[in-house]
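Down below is the structure, laid out as structure tokens.
The values are calculated or read from the model by the stated rules, or taken from the named source; none is laboratory data. Quick caveat: nothing in here was measured; it's all calculated off a predicted structure. Neighbour counts are summed over all protein chains in view; Cβ atoms, including those assigned to glycine, are modelled from backbone coordinates with ideal geometry. Areas reflect the complete protein model, heavy atoms only, side chains present, ligands, DNA and RNA absent. Shrake-Rupley method; radii C 1.70, N 1.55, O 1.52, S 1.80 Å.
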Amino acid sequence: MDTLSRFGYVLVTSQRMQGVLLLVFSKFCHLPFLRGLQTEKTRTGLGGYWGNKGGVSARMTMFGHPVCFLNCHLPAHMRNLEQRMEDFGSILQQQQFEGGTASGVLDHDVVFWFGDLNFRIEDYDIHVVKSAIDSNKLPLLWERDQLNIAKNSESILDGFLEGPLKFPPTYKFDVGTHTYDTSSKKRKPAWTDRILWRLRCTGSPVPTHNAALQRGLTSWLGGATKVVQHSYRSHMGYTCSDHKPVSAVFSLHFPFKVDLPLVTLEYVKEWTKVSDATVRFTVMSNFQRSSWDWVAIYKVGFKHHKDYVTYVWAKADHGSQVGYKEDLPRDEGEYILGFYSNNMNTIIGVTSPFQVRTLPDIFLPVLFNEQRIKQLLSAIQFCWIFFLFS
């Protein structure tokens, strides 16, 4: 969060199962269009009792399209190919989501499947594998990669796609080095760490039945849902693990986008006094408000939805306006406003960044009232002494 927040990314959701961790980040401007957030986890270690193996997932509708991210850690060793496939099938069967049309993982328009999948390279011994790596003859190894073979024979993998493996196998290395395993076990190098994707055969139906959407709530882009992979690479410079990390960059093209927020915020573009700190908001007719909704002030670069400067409740019986009287930003800079929905457990409305220029004038009488300052200092001194001797 510390690193990505500097680039405008906010933690959307997370799920952890022992060492298997999934974090989903988004640019803050996209937050209102990521809805229906749910997470799941499935243990498959020790017959389903231990979470050292299994899968964690996060699903959401992204601009109106169901998308699922599934991170798996499957059984190790060459001989356990069948067990890997069984565990993957068990994960898909057990992970079910509430509401909407995408109740299972494979019901989503787009699925990203990744993790330490533990598939190995068959037939060739360790010397042949290392020689192919050293001479950059990686296509020779692709042919005997268990996952590549399984995609042609296992129905459960129908539709899953993967970019070409143009980087060396990412497992197993001596920790702290770039040297493949020199221990007594001498594990054969393998592409255990993978990133795949899958498109549903028929994507989400175009919502022509909804007249409100037709009047402007949706951007019509045409075509079909597409996933384009721009890069797929390993990061061989890291030596803190016996694996090398793998990353991929994708772009998604949707035939239409639901791109109007459920809540629109109206505000003064520059705050120089307390009276500027008033926010009006308009909610869509299909949005169900809660007494626990709130509108928060965030400093640009915030990390997650609770990383606010301050907030006020936006209760339904309080109308459609809120104001801030206390705990206003004391530092000049860029801020944004965000409307958090308790029912949806996410921010559903954000503003563009705006400027806070000076200290709020609620503090000015104190700054220029000498008598009041002396009273405050005396009270502070008394409280400090009381604390020391209580």
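Based on the Kirkwood approach, the hydrodynamic radius assigned to the chain is 24.6 Å, with every pair of different Cα atoms included. Entry comment: accessible area of region 263-356 is 51 Å² per residue, from protein heavy atoms only and a probe of 1.4 Å. Comparing 151, 299, 41 in a Gaussian network model of the chain (Cα springs below 10 Å), the most mobile by mean-square fluctuation is 151. Placing one identical point scatterer on every Cα of region 102-160 and ignoring solvent, what is log10 I(q)/I(0) from the Debye formula at q = 0.22, 0.23, 0.29 Å⁻¹? Log-scaled intensity ratios, in q order: -0.94, -0.98, -1.22.
Under the criterion of Cα pairs below 8 Å and six or more residues apart, the relative contact order for the chain equals 13 percent.
What longest range of the chain stays clear of loop-exposed GluC sites (Glu not before Pro) (DSSP non-H/G/I/E/B, at most 10 other C-beta within 10 angstrom)?
Values: sites that count: 98, 326.
Formally, the longest exposed-site-free interval is 99-325.
Where nothing but the Cβ of Lys and Arg (+1) and of Asp and Glu (-1) is charged, how large is the charge dipole of region 263-356 around its Cα centre, in debye to the nearest 20? Walk me through the numbers before you get to the answer.
Values: 10 positive and 11 negative charges, 35 e Å.
Taking the Cα centre of region 263-356 as origin, the dipole is about 160 debye.
Taken as Cα centroids, region 148-167 and region 288-326 sit 46 Å apart, rounded to the nearest whole angstrom. Cα centroids of region 62-127 and region 5-23: 19 Å apart. Amide H to amide H, with H built 1.01 Å from N, residue 271 comes under 5 Å of 355, 356, 357, counting only residues 5 or more places away or on other chains. Among the listed pairs 27/244; 27/53; 151/303; 172/303; 27/151; 53/226, a Cα-Cα separation exceeding 29 Å is found for 27/53; 151/303; 172/303; 27/151; 53/226.
Local charge sum around residue 302 (other residues, Cβ-Cβ under 15 Å, Lys/Arg +1, Asp/Glu -1)?
Details: positive: 6, 27, 299, 303, 306; negative: 2, 307, 331, 334.
Net charge around residue 302: +1.
Counting only heavy atoms of protein chains, what accessible area per residue, in Å², does region 1-253 have with a probe of 1.4 Å?
Numbers: 12490 Å² over 253 residues.
Normalised by residue count, the accessible surface of region 1-253 is 49 Å².
Per-residue surface analysis assigns residue 72 an accessible area of about 0 Å², computed on protein heavy atoms at 1.4 Å probe radius. The distance between label points at residue 149 and residue 229 comes to 2.0 nm (points 7 Å beyond Cα on the Cα→Cβ vector). Ordered from largest to smallest accessible area (heavy atoms of protein chains, 1.4 Å probe), the residues 285, 5 come out as 285, 5. Evaluating 6.51 cos²θ - 1.76 cosθ + 1.60 at θ = phi - 60° for every residue in region 21-37, the Karplus couplings come out as 10, 10, 10, 10, 10, 8, 4, 4, 5, 8, 3, x, 10, 10, 10, x, 5 Hz, glycine and proline recorded as x. Here's the picture: charge each Lys and Arg Cβ at +1 and each Asp and Glu Cβ at -1 in the chain, and of 112, 177, 99 the one pushed furthest to the positive end of that dipole is 177. Based on Cα contacts under 8 Å between residues 6+ apart, region 263-356 shows a relative contact order of 32 percent. Figure legend: label point modelled 7 angstrom from the Cα of residue 166 along Cα→Cβ; residues of region 234-272 with amide N under 17 Å from it are 234-236, 246-251. Taken one residue at a time, the phi angles of region 259-274 give Karplus couplings (6.51, -1.76, 1.60, θ = phi - 60°) of 10, 10, x, 5, 10, 10, 9, 10, 7, 6, 6, 9, 9, 10, 8, 4 Hz. Gly and Pro are set to x. Of the residues 105, 350, 309, the one that moves most in a GNM of the chain with alpha-carbon contacts below 10 Å is 309. Sorting 188, 130 on solvent-accessible area from highest to lowest, probe radius 1.4 Å, gives 130, 188.
I'd like the chymotrypsin sites (Phe, Trp or Tyr not before Pro) in region 1-33 restricted to DSSP loop residues with at most 14 other Cβ atoms within 10 Å, sorted by number. Listed in order of number, the matching sites are 7. Residues whose amide H comes within less than 5 Å of that of residue 25, counting only those at least five positions distant or on another chain, are 12 (H built at 1.01 Å from N in the peptide plane). Here is how the number arises for the chain: DSSP H runs of 4 or more residues each give -39500 (n - 2.57), the sum is divided by the residue count, and the result at 222 nm is -4500 deg cm²/dmol.
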